[in-house]
Each structure stands twice: as C-alpha cells, then as structure tokens.
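To start, the structure under review is shown below, and the notes come after it.
Throughout, read-outs are computed from the coordinates displayed, never taken from laboratory work. Keep in mind that what you see is a predicted model, and the values were worked out from it rather than measured. Counting neighbours? That spans all protein chains shown, and the Cβs are built from the backbone with ideal geometry, glycine included.
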Amino acid sequence: MRPRILTLTTDFGANGPYVASMKGVVLSRVPDVQFVDISHGIGPQNILEGAFVLACVVDAFPVGTVHLAVIDPGVGTHRRLVAAKMADQWFVLPDNGLLTYVAREHPVEEVFELENPSVARTPVSNTFHGRDLLAPAAAHLTLGLPAVELGPKRHGIVRLSAAEPRREDREVVGEVIFRDAFGNLITNVPASLLGETPPEAWEVELAGHRIDGLTRTYGLQPPGTLVSLVGSSGWLEVSLVNGDAARYLDCGPGATVWFRNKS
C-alpha cells in the first residue's frame, strides 16, 4: 500500500501549540499518516515566501501526496479555502496566491472550495482555520476520499501578478523572495527568462552592488566574492562565497534586483 504522505508548510514557527494541533486533528482521522514538515519558518504572513517553498518541493514528492499550507493573513475573512490538484498532488490552503509559483510549471487539474461543514472540525474558530477547516480537509484527501465531498468544484486559483519579474528590453527586473539558512538571496527570476544569452553577458545589481556575469557554482570564485548563479530551485540567486550575502548586502525579501544584458 502506498504511504499516506501529508506535508505541512506554515508561518507558525517552531514553538507554540499550532502545528501540533493541526497534526492532532489529522492523526485523529488518519492514524497511519506520514508527516513531512517542509517548513514552519515562513516569515509571518509572507505569502510569496510560502509560494516559493511549495514550488521548490512539489517535484520531489510522489503522486498522491497531500500538501497542507497555512500562511493565512486573511483568516476569518471572505477569502476562499481550497483543495487544488496539481502535478497529481493535492494542495489544501487559502486561495491567496500560495500556488502562484507551483502554477508556473504545473497546470491546475481540479479545484474544490472547502464548504462542507460535515468535514470540518467543530466548533470552528474564527482565527484558526488551519486546524478546524484545512487540516480536516487534508486528512480527507490523505485517506483517498473523493475531493467532491469537500465542497463545490471551482475554476482557477488566485495568482499574484506582482510576484512575477518584468522583462524590459535588455533588462529583467525582479525581487528577492527568499533568504535561505546560508544567507543566499533567491529571486523570483527563473533561469529560463534569461534565454540563451551567455552567462558572462549579464550584469546583476542588488542593494547598490554590481556583479559581472553569472557563475556556475559557488566554489568557482574565491571566498568573500559576491556572485550570482542559478540555484537548485532553477531560479537566480545572489550569494557570497563562504559567507552570508543577506548580511553583507543588508537586504532581504522585497529588495529589487536587476539583470542587465551587456552584449
């Protein structure tokens, strides 16, 4: 039998009762579930960061995986909660742009709005829909039960247009969307957007610093060198060899980055 895999991605942090409460709700319905904690360190209410993390991991998981993601600054308001099928996996989350980057590579197969009260945990808190609405829906799908029982079928998902880089003549303008544990600053610019232009033809500017050309990997430059390269996510990043680029540049998510074609 295929293992029942349920991942969790939240901005709840490592401490407190929130993640454990959601896991408890799922375990009460799916005792043999295999949890994978992707991250609980997403910046508070940072939808773009959550969208990036989900896009980075989707291709690593097997068909049938259920992803429960709760970055929900609109909790308790009239935003949709959905279960969306993409890449033969399910994503259970607020429909607030969290699937923007997954949708870059994977078409939306099905979307159901979570409206069936019989699936929900009761009573439903106004401030913790992750526990009372999303976790029960994720458990439902993890059991292999029909998605149509969650609520009505819908079309489309919310995508954040501001999350996409702009191409202007010979320049690509993007922004930093994630700082990893090494201080690497990952941008929202996919390598594909640079086309066939040779790596050495690009100049990168971030936080007043300019980098001449793209490098293939960190170790090809001396320690302390500021570099730009295509990271493991397939997106461009700015890094400091053997150092912390975020600290060195004193910047992070939200900073504008320019990639200029010099050729």
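Annotation: lysines with alpha-carbon distance below 29 angstrom to K85 (same-chain offsets under eight excluded): K23, K153. Loop-located trypsin sites (Lys or Arg not before Pro) in region 176-263 (DSSP state not H, G, I, E or B) with no more than 12 neighbouring Cβ atoms inside 10 Å: R216, K262.
Across all C-alpha atoms in region 1-46, the radius of gyration and Dmax reach 11.6, 37 Å.
Cβ crowding within 10 Å ranks D32, D11 as D32, D11, fewest other Cβ atoms first.
Computed over the Cα atoms of region 165-261, pair by distinct pair, the Kirkwood hydrodynamic radius stands at 13.0 angstrom. Extension gain, D59-T217: 0.36 nm per intervening residue step, less the Cα-Cα distance, totals 54.7 nm. Per-peptide packing, taken as the mean over residues of other Cβ atoms within 10 Å, places 123-134, 12-23 in the sequence 123-134, 12-23 from highest down. Net length available on complete extension from D32 to A14 is 4.1 nm, with 0.36 nm assigned per residue and the Cα-Cα distance removed.
Neighbour counts of other Cβ atoms within 10 Å put H78, H40, H67 in the fewest-to-most order H78, H40, H67. Distance between the pseudo-spin-label points of V173 and T127 (7 Å out from Cα toward the beta carbon): 4.0 nm.
Here S39, S239 are placed in order of increasing Cβ neighbour count within 10 Å, fewest first, which gives S39, S239.
Convex hull volume per residue, computed on the Cα atoms of the chain, equals 141 Å³.
Eigenvalues of the alpha-carbon gyration tensor of region 5-154, scaled by 5 and square-rooted, set the equivalent ellipsoid semi-axes at 19, 18, 16 angstrom, largest first.
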